[in-house]
Amino acid sequence: MFFGTSLSRQPKASIALAHLAPGNIPKVQPVTTALSVPSEVFYDASGQAVACGHDCHLPSTLASASTSGWQLARFFKLALHPPSLHYTSPGTSYPIQLPLGVPIGNIYASFIHYLCDLAAKWFADAELHGADAWAKCFWACEVVLATPDGWDERQQKILWKALALAGIVPEGATTGGEDRVHFVREAEVRFLF
């Protein structure tokens, strides 16, 4: 499984997976419903995630956000950048939007959980007995997270916590699961995929 976020005027994410089964040729497949998913999460006044990704742009969501005072997390990937990384180029700016009182790890957890739900739905539809296979194999899946060049242990610890909050690694894990979770530099991902 692959989670990534690309930087553009509209921050996007993508997810791909490969189902490794005996007798099948391994093939990485994009989760078609998750291609170019907006990297955005709406939070209500209590700090609970109420909409993610494409759902943030539904007319009903936008109406509820307006009337209920929901806050949008956008360009949140940039909030983890170490000060040494510059994320602007001449003539551009990327305004980081973070809801008050919501830690960055929680924002990542909400978004990772959303992407996993998209992947599970896609897999259930794409594979024979997909829902059963997902339920059996999910806890043994390998997760590959693409991180920007220049991110280090500080950012990885926050992502570990997000993975635990999203239910990907055991609760309370800040490390461990090294056999299932892999951090790969974005430059490598671009080359490999």
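The values are calculated or read from the model by the stated rules, or taken from the named source; none is laboratory data. All of these numbers come straight from a predicted model, not from anything done at the bench. Glycine gets a Cβ as well: all are built from the backbone with ideal geometry, and neighbour counts include every protein chain shown. Areas reflect the complete protein model, heavy atoms only, side chains present, ligands, DNA and RNA absent. Shrake-Rupley method; radii C 1.70, N 1.55, O 1.52, S 1.80 Å.
Quick notes on this one:
- Selection within region 46-78 - among the polar types (S, T, N, Q) and within 18 Å of S110 (Cα to Cα): S46, Q48, T61, Q71
- Single residue of region 31-40 satisfying the filter (at pLDDT below 80 and among the small types (G, A, S)) that is farthest from A119 (Cα to Cα): S36
- Output for region 55-69, where each listed residue is crowded, with 17+ Cβ neighbours inside 10 Å and closer than 16 Å to I112 by Cβ: C56
- Residue count for region 118-141, restricted to those that are surrounded by 15 or more Cβ atoms within 10 Å (Cβ to Cβ) and among the charged types (D, E, K, R): 1
- Residues that are open to solvent by 20 Å² or more (accessible area, probe 1.4 Å) and in contact with a strand residue (DSSP E or B) (Cβ under 8 Å, 6 or more places away or on another chain) within region 43-54 comprise D44, A49, V50, H54, listed in sequence order.
- Search result, residues across region 114-135 that are under 27 Å from C56 (Cβ atoms) and among the acidic types (D, E): D117, D125
- Unique residue being without any contact (Cβ under 8 Å) to a residue 60 or more places away in the chain and among the basic types (K, R) when the list is K136, K121: K136
- All positions within region 142-158 that are surrounded by 13 or more Cβ atoms within 10 Å (Cβ to Cβ) and either without any contact (Cβ under 8 Å) to a residue 40 or more places away in the chain or under 17 Å from the mean Cα position of the chain (by Cα) (or both): E142, V143, V144, L145, A146, T147, P148, W151, Q155, Q156, K157, I158
- Meeting the requirement of 2 or more residues that are at pLDDT 80 or above, the helices (runs of 4 or more DSSP H) wholly within region 86-193 are 104-126, 130-137, 153-165.
- One residue stands out among those in region 12-30 that are at pLDDT 80 or above and of a type in the set (V, I, T): the one that is surrounded by the fewest Cβ atoms within 10 Å (Cβ to Cβ), which is I25.
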